[in-house]
Amino acid sequence: MNRYRSARPIRRPEYWAVVLSVVIAGVCFYGIRAAAIYGLAAVTAVVTDFVCLFLKGKSYRVVDLSNIGNALILAMLFPASVPYSIVLLSTVFAVGVTHIFGYRHDLLFPPAAAGYLFAVLCWRDEVLLCPAAGERLALFGSRAEVAASFSAEVDQNAGIRTSAFDILIGAVRTQLGTGCLLLLIVGIIVLVLRRQLSFWGVLGYFVGTVLIVLAFGAPLQAMAGNMFLFSMLFLVADPCVMPGGVVTDHVAALVTGIAAGFLLAEYQLEYAPVTAVMLTCPIWQMLYRFENDRTRTERKQVETE
């Protein structure tokens, strides 16, 4: 049985440990408001899930808590200043997507990516503008001073005016969970070694993005932002969404990287990787089905012989 498909929960404890570490880092940077955003997303996911299952005539099970992970990953894509109403509505949309397209197994799109793009289309400024790094925001009542994110500044100026150390630890204007590159790199390494992420999927995505960025003459330093590592960790190789296999790991991840690199280099789209994942996910599913059909055919031939 493929390691990405099982009747048991697909995300194992080490995956949740990485998710929790990114959540804690965001709370440490931005304080109680960050905790409230994560908590609201998680509670909304559970309630929405329960209502959808009730309407479908199904009972709620412990395994259905997997949508909490999708909600937390979605919240990581928001700045600490995002209004609570956007978090709530985007989470409802993201969880609703899981019930329309596959639910838990065979998801056509990563729910977090779908919820985030929905928020960008509806409330662009509130989602893309970020408060200063480490600004402790009040739980209610006060409005933070926001500006273009670190990724947007890099894309516009083709230069980085921040120290490498600040970039690594996420001390720049960025979203709650996308800024701490050091933590994301460690998470990728841990989950690849623990076989929760596909090594070839991660490598294919990285190579595809780098090749296109270089081909278009865009600065590689742009990959220090633009949600690149975040998408590699939580979207591109997410075992809950991306089916694993020889073809999908080698080919589909490369296609996703090429799409991300093109959107990044040609359009300076700071959320290019998230968009690329949404556009290419159907390719993953198509290749996965093709690979499965071919494997079944080969087995039948062997059995008949």
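The values are calculated or read from the model by the stated rules, or taken from the named source; none is laboratory data. Here the structure is a predicted model, which is why all the values come from computation and not from measurement. Glycine also receives a Cβ, built like all others from the backbone with ideal geometry; neighbour counts cover every protein chain displayed.
Among all residues of the stretch 226-248, there is at least one that is surrounded by 24 or more Cβ atoms within 10 Å (Cβ to Cβ), in a helix (DSSP H, G or I) and modelled with pLDDT under 80. Annotation: Arg61 fulfils all but one of (1) touching a Phe, Trp or Tyr at 6+ places or on another chain (Cβ under 7 Å); (2) surrounded by fewer than 17 Cβ atoms within 10 Å (Cβ to Cβ); (3) farther than 21 Å from Val27 by Cβ; the unmet one is (1).
Report yes if Ala80 is in contact with a Lys or Arg (Cβ under 6 Å, 6 or more places away or on another chain), modelled with pLDDT of 90 or more and either surrounded by fewer than 24 Cβ atoms within 10 Å (Cβ to Cβ) or not in a helix (DSSP H, G or I) (or both), otherwise no. Spelling it out, Ala80 is indeed in contact with a Lys or Arg (Cβ under 6 Å, 6 or more places away or on another chain), modelled with pLDDT of 90 or more and either surrounded by fewer than 24 Cβ atoms within 10 Å (Cβ to Cβ) or not in a helix (DSSP H, G or I) (or both).
Per the conditions (1) of a type in the set (Val, Ile, Thr); (2) surrounded by fewer than 24 Cβ atoms within 10 Å (Cβ to Cβ); (3) more than 24 Å from Arg143 (Cα to Cα), the sole criterion not satisfied by Ile86 is (3). When we screen Val202, Val210 for residues that are modelled with pLDDT of 90 or more, of a type outside the set (Phe, Trp, Tyr) and surrounded by 14 or more Cβ atoms within 10 Å (Cβ to Cβ), the only hit is Val210.
The residues on offer are Leu137, Leu197, Leu184, and the sole one that is farther than 19 Å from Ser231 by Cα, in contact (Cβ under 8 Å) with a residue 24 or more places away in the chain and in contact with a helix residue (DSSP H, G or I) (Cβ under 6 Å, 6 or more places away or on another chain) is Leu137. If a residue must be buried (at least 22 other Cβ atoms within 10 Å of the Cβ) and of a type in the set (A, V, I, L, M, F, W, C), how many such residues does the stretch 30-44 contain? So the answer is 3. Quick check: anything in the stretch 150-160 surrounded by 14 or more Cβ atoms within 10 Å (Cβ to Cβ), among the β-branched types (Val, Ile, Thr) and in contact with a Leu (Cβ under 9 Å, 6 or more places away or on another chain)? The answer is no, given that none of the residues of the stretch 150-160 is surrounded by 14 or more Cβ atoms within 10 Å (Cβ to Cβ), among the β-branched types (Val, Ile, Thr) and in contact with a Leu (Cβ under 9 Å, 6 or more places away or on another chain).
Scanning the stretch 68-94 for residues that are more than 19 Å from Ile32 (Cβ to Cβ), among the hydrophobic types (A, V, I, L, M, F, W, C) and in contact with a helix residue (DSSP H, G or I) (Cβ under 7 Å, 6 or more places away or on another chain) returns Ile68, Ile73, Leu74, Leu77, Val92, Phe93, Ala94. Restricting Tyr103, Tyr38 to those that are outside any loop (DSSP other than H, G, I, E, B), of a type in the set (Ser, Thr, Tyr) and either under 26 Å from Leu168 (Cα atoms) or at pLDDT below 90 (or both) reduces the list to Tyr38. Only one entry of Gly179, Gly134, Gly187 meets the criterion of being assigned to a helix (DSSP H, G or I) and surrounded by 13 or more Cβ atoms within 10 Å (Cβ to Cβ), and that entry is Gly187.
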